[in-house]
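Chemist: Here's a structure for you.
Values in this text are rule-based calculations from the coordinates and carry no lab data. In this text the structure is predicted, and so the values were computed from the model without any measurement. Cβ placement follows ideal geometry from the backbone for every residue including glycine, while neighbour counts extend to all protein chains displayed.
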Amino acid sequence: MFLEQIHSPSDLKPLSYSDLDLLAGEIRDFIVQAVSETGGHLGSNLGAVELTLALHRVFESPKDAILWDTGHQSYVHKIVTGRRHNFASLRQSDGLSGYPSRTESEHDFIENSHASTVLSYAFGMAIARDTGADPDRRFIVAVLGDGSMTGGMAYEALNNLGHSKRRVIIVLNDNGRSYAPTISNLTASNTVTMPVDLEQDLTGELKFPERIVEKLAQGFNTIRMNPVYVRRQRRIEQFLRDLPLVGQQAERGMEAFKAAVREFLQTTSFFEALGVRYLGPFDGHNIQEIERALQAAKDLNAEGPIVLHLLTQKGRGYPPAEDDDEKHLHDAPVFDPMKGPPKALPTGYTQAFAEALLKEAELDDRIVAITAAMPGPTGLIPFEERFPSRFFDVGIAEQHAVTAAAGMALGGLRPVVALYSTFMSRAWDQVVYDVALHKLPVIFCLDRAGITGDDGPSHHGVYDMALLSKVPGMRVLAPSSVQELHQMLHDAVALSDSGPVVVRYPKGVARTVAESEVGTGLQARVAFEPSQSAEVCILAVGKLLGNAIKAATILSESGTPTKVWDVRSCAPLDPAMIADASKFKLVITVEDGIRDGGIGMAIEDSIMNVAGTNSRVHVLGVPTTFIAHNKPDRILASLGLDADGIVTTVRSLIA
């Protein structure tokens, strides 16, 4: 086995191309087996095997910086850089991160798990190198893909790179996907020389005219990869520029001619228009072809930024991933590698949201749904199937999603924007100034709110309540059960008449309760009342209501009668709940968002402003620190936010 011999990138250098093909197969088998045991990102890594091997053979990491956008495609990079033996701990407590990690390896420069940012990192690192602050850095390689070119930051950085001529090599790993199919005109389906159904005749061979065009395109790529051609081209341009009287016009004429040839034989001249040289597309599963392209990029990099466009297949080499039409097994739970994971279906709060939205949309044809490249994980596929003309996937572009929703609301629609909580923070400016300032009827449904677990600090949704509750006019609702989510989404449609509403809910299993245990509107609800007169009052937010009720039961049975409120409306807070809590000597607030500036502190302020109260309020929440990956319940327990932790806190305060 070749895989056993790979401990660092230098071990790849002696291998022949036939050896590398065998190694690529071994790596795919290894990744499938590893992810089947721990869960993780599968399809994106299976598609990046040959690309990663070629990168580490052509460049010398870490002297050359290889930067990964959407870092979930870095598993092969981790294997090649000596972390193969740690994969049994992938995404486990104190184990290997599912993303690049600066604490794991000198080969990891950025801990990147949000998309479309890598070109900005590369631009900044190039400036540091060129100004002498990082003089030993030679090449800076930015790898982006999995839909990253749908995000606005990528275009902003491209513009700066092209304008400044900074020496950055950009590898566009184009698999036509983000989570779902990529929403972009810069994908493989729009850049291959000819559509497949037009290329082939009845024998399956390319028709003669298309064969000619393909050969010309390949030849054109070869010419443009040649540094001698580039130097001669620059001399010709200078000659034309220096012609008396007509120099400027002659140079423009030559540029227009070259652009026309590029447009015919290659992809859109989008990159070239920004001042970024473009080469491709290349077969992203042919190591020899990738290496030739990378070597050419090194030779041409003195001219400025250059894009290498590689066409890859997400889920390559593993039939269950190749056959998964929705996401090519982008991510997977623990599964049997012989059978593949079961079909991904919404569960818990996500499923409840999917059902509730369909119900509301049937009643109100103003309702439209918007997502940022994640229709499946946010539960919107049933909505898309039922109301295709009312569904909008804008790609990995949360800022655009929010302001587009504002535009729809201005036109009389009722947009529902479904995002992960962690990605909502990317559109903070748009939420405040494009939606809230205009008091627009936009409903934000935030999935994966609170502690999410295995994906680590970049994916915990712990900031939404603290941030959004400070937005003027924003109503923030946190359901504690399936039935509460249904009720809150229904109420949100009416509440949105006076401005935006947020419904935030966690990943995982959802509580199911009777109709009598469901609140309404912006009112809180008493969720647990002891048989004796209560001495302690717990105010719990969302998911943590279940833990609060368990704690209150334990406390009440052991001689400390405890009452529990389901806060439900985090902003505004229910005055009746505040008035009742102010009568207790000890009040505990519990939330799965950051404690500092969170809902508990807002509750404490409100109680302290009640005339005559002598309450002592203790706020429990998530500390202001980055929390590593682990199972959500274990993280909550470590933070004292499980039932036992709440009991311990109450008893210590009473003592």
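Chemist: Can you tell me the alpha carbon radius of gyration of region 27-76 divided by the globular rule-of-thumb value 2.2 N^0.38 Å? Walk me through the numbers on the way to the answer.
Modeler: Values: Rg = 11.7 Å, N = 50, 2.2 N^0.38 = 9.7 Å.
Region 27-76 yields a ratio of 1.20.
Chemist: Roughly how many whole Å is it from the C-alpha centroid of region 64-93 to that of region 279-326?
Modeler: If you average the Cα positions of each part, the centres end up 19 Å apart.
Chemist: Moving to a separate point now. Please list, by residue number, every one of the trypsin sites (Lys or Arg not before Pro) in region 575-632 that is coil in DSSP and has at most 13 other beta-carbon atoms within 10 Å. Before the final figure, lay out each step's value.
Modeler: Working: sites: 583, 585, 595, 616; in loops: 583, 585, 595.
The qualifying sites are 585.
Chemist: Let me ask you something else. Give me the number: length gained by fully extending residue 359 to residue 618, i.e. 0.36 nm times residue separation minus the C-alpha to C-alpha distance, one decimal in nm. Display every interim value, and only then the final one.
Modeler: Numbers: separation 259, 0.36 × 259 = 93.24 nm, distance 3.96 nm.
My answer for the length gained is 89.3 nm.
Chemist: Work out, step by step, the length gained on full extension between residue 625 and residue 532: first 0.36 nm times the residue separation, then minus their alpha carbon distance; give nm to one decimal.
Modeler: Extending this stretch completely gives an extra 29.5 nm.
Chemist: Show that you can apply the helix-only estimate: for the chain, add -39,500 (n - 2.57) for every DSSP H stretch of four or more residues, divide by all residues, and state [θ] at 222 nm to the nearest 500.
Modeler: Using -39500 (n - 2.57) per qualifying helix, the result is -11500 deg cm²/dmol.
Chemist: While we're here: Sort out for me the Cα centre separation of region 521-559 from region 5-33, rounded to whole Å.
Modeler: Taking the Cα centre of region 5-33 as reference, the centre of region 521-559 is 56 Å away.
Chemist: With axes computed from alpha carbons, what is the tilt in degrees of helix 643-654 against the longest principal axis of the chain, rounded to the nearest 10 within 0 to 90?
Modeler: For 643-654 against the chain, the angle is about 50 degrees.
Chemist: Can I ask one more? Taking the Kirkwood radius as the inverse of the mean 1/r across Cα pairs, report the Rg/Rh of region 407-491. All intermediate terms of the calculation are to be shown ahead of the outcome.
Modeler: Working: Rg = 13.3 Å, Rh = 13.8 Å.
Result: Rg/Rh = 0.97.
Chemist: Also, I was wondering about something else. Only sites in a loop by DSSP and with at most 11 other Cβ atoms within 10 Å count here; which trypsin sites (Lys or Arg not before Pro) in region 20-77 make the cut?
Modeler: In loop regions of region 20-77 (DSSP not H, G, I, E or B), the sparsely surrounded trypsin sites (Lys or Arg not before Pro) are 63.
Chemist: Continuing with this model, one more query. Give me the one-decimal Kirkwood hydrodynamic radius in Å for region 589-642, with the sum taken over alpha-carbon pairs.
Modeler: About 12.3 Å for region 589-642.
Chemist: How would you rank 537, 570, going from fewest to most other Cβ atoms within 10 Å of each one's own Cβ? Present the calculation step by step, with values, prior to reporting the outcome.
Modeler: Details: 537 25, 570 29.
Ascending Cβ contact count within 10 Å gives the list 537, 570.
Chemist: Next up: Once you have a ≥ b ≥ c as the square roots of the Cα gyration tensor eigenvalues for region 94-164, tell me rounded if a/c is under 1.5, and otherwise prolate or oblate according to whether a/b is larger than b/c. Write down the numbers at each step before the final one.
Modeler: Numbers: a/c = 2.92, a/b = 1.15, b/c = 2.54.
It comes out oblate by the Cα gyration axes.
Chemist: Computed over the Cα atoms of region 312-444, what is the convex hull's projected area averaged over all directions, in nm²? Spell out each step's value before the answer.
Modeler: Values: hull surface 36.7 nm².
For the Cα atoms of region 312-444, the hull's average projected area reads 9.2 nm².
Chemist: Could you work out, for region 52-154, what percent of all Cα-Cα pairs fall into each 10 Å distance bin, beginning at 0 Å and stopping at the bin that holds the largest distance?
Modeler: Taking every Cα pair in region 52-154, the percentages come to 15, 46, 32, 7, 0.
Chemist: Taking the beta-carbon count within 10 Å as an exposure proxy, list 385, 591 from fewest neighbours to most. Write down the numbers at each step before the final one.
Modeler: Values: 385 11, 591 29.
Fewest to most other Cβ atoms nearby, the residues stand as 385, 591.
Chemist: Working from the alpha-carbon coordinates of the chain, get Rg over Rh, Rh being the Kirkwood radius.
Modeler: 1.03
Chemist: To continue, here is another question. On alpha-carbon atoms, Rg over Rh for region 523-654 using Kirkwood Rh?
Modeler: Details: Rg = 13.8 Å, Rh = 14.6 Å.
With Rg and the Kirkwood Rh in hand, the quotient comes to 0.95.
Chemist: Further, regarding this structure: Taking neighbour Cβ counts within 10 Å as the exposure measure, how do 42, 161, 467 sort from fewest upward?
Modeler: Least crowded to most crowded, the residues run 467, 161, 42.
Chemist: Tilt of helix 152-164 relative to the longest C-alpha principal axis of the chain, in degrees (0 to 90, nearest 10)?
Modeler: Between the helix axis and the principal axis of the chain, the angle is about 40 degrees.
Chemist: Using alpha carbons only, how many degrees (0 to 90, rounded to 10) separate the axis of helix 398-410 from the longest principal axis of the chain?
Modeler: Orientation of helix 398-410: about 70 degrees from the principal axis.
Chemist: Can I ask one more? Distance in nm between label sites at residue 654 and residue 134, each 7 Å beyond Cα in the beta-carbon direction?
Modeler: Reported label-point gap for residue 654 and residue 134 is 5.6 nm.
Chemist: I need the per residue convex hull volume for region 360-504, using only the alpha carbons, in cubic angstrom as a whole number. All intermediate terms of the calculation are to be shown ahead of the outcome.
Modeler: On the way: hull volume 14.9 nm³, N = 145.
In region 360-504, the Cα convex hull volume per residue is 103 Å³.
Chemist: If the reach is capped at under 28 angstrom between alpha carbons, list the lysines near residue 583, excluding any in the same chain fewer than eight residues apart.
Modeler: Within the straight-line cut-off, residue 583 pairs with 470, 543, 550, 563.
Chemist: Quick check: from the Cα gyration tensor, does region 1-111 come out rounded (a/c under 1.5), prolate or oblate?
Modeler: oblate
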